1. When you go through Ala20, Ala49, Ala39, Ala57 one by one, which is the residue that is of a type outside the set (Phe, Trp, Tyr), crowded, with 16+ Cβ neighbours inside 10 Å and more than 17 Å from the chain's Cα centre (by Cα)?
2. Restricting attention to region 142-155, does a residue exist that is surrounded by fewer than 19 Cβ atoms within 10 Å (Cβ to Cβ) and either at positive phi or part of a strand (DSSP E or B) (or both)?
3. Do we find that Leu104 is surrounded by 13 or more Cβ atoms within 10 Å (Cβ to Cβ) and farther than 16 Å from Val9 by Cα in this structure?
4. Of all residues in region 108-129, which are touching a Pro at 6+ places or on another chain (Cβ under 9 Å) and farther than 30 Å from Pro14 by Cβ?
5. Before we move on, is Val90 of a type in the set (A, V, I, L, M, F, W, C), modelled with pLDDT of 90 or more and surrounded by 13 or more Cβ atoms within 10 Å (Cβ to Cβ)?
6. Specify which of the listed residues (Pro109, Pro82, Pro91, Pro95) is of a type outside the set (A, V, I, L, M) and free of Cβ contacts under 8 Å to residues at least 24 places away in the same chain.
Amino acid sequence: MDGAQLDHVEIFVPDRELAARWYGQVLGLRPVEAFARWATARGPLMLSADGGRSMVALFSGEPCDERRERSHHRVAFRVTGPAFVAFVSVPPAVPVYDAAGVELASFTPVDHGGAFSVYFADPWGHLCELTTYDWRHVLAHGDPSWIGESKNLLT
């Protein structure tokens, strides 16, 4: 497995085009042209923010109703410190939800002591995370209310 990378995560949604718009508006994911031919009734619509190096594969179908039945727990997207600060500094442009399905008006970063994350769900209940390991940038440019354990790393 030397050199192995995450290729894609499969997500089932009732309306693939609507989901593609949501993932595009919230996370900047766009269809990958090289795989457009796969987006048939049974195939995936491949989305990516990095030219296809890592992707979300949207399939038509019903998401699981019960959390224990989900095929994955959470999809985490890694971004730079500046991208993280920009993302969490503005209210969501389209509805995003917490794990219980309550719409979020803003994001609340969690300081993991060397990484920062925000957690949310798509309209179909799939859990998402946006994370950065550029904690120094967040300390310097983020809202002071976000800061917790990471400030201890400076000593």
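The values are calculated or read from the model by the stated rules, or taken from the named source; none is laboratory data. Remember, it's a predicted structure, so these values are computed and weren't measured experimentally. Cβ coordinates were reconstructed from backbone atoms using ideal geometry, including for glycine residues, and neighbour counts include every protein chain displayed.
1. Result: Ala39 is the single residue among Ala20, Ala49, Ala39, Ala57 that is of a type outside the set (Phe, Trp, Tyr), crowded, with 16+ Cβ neighbours inside 10 Å and more than 17 Å from the chain's Cα centre (by Cα).
2. no
3. Here the answer is yes, as Leu104 does meet what is asked.
4. Hit for region 108-129 is Phe116, nothing else.
5. Answer is no for this residue.
6. Pro91
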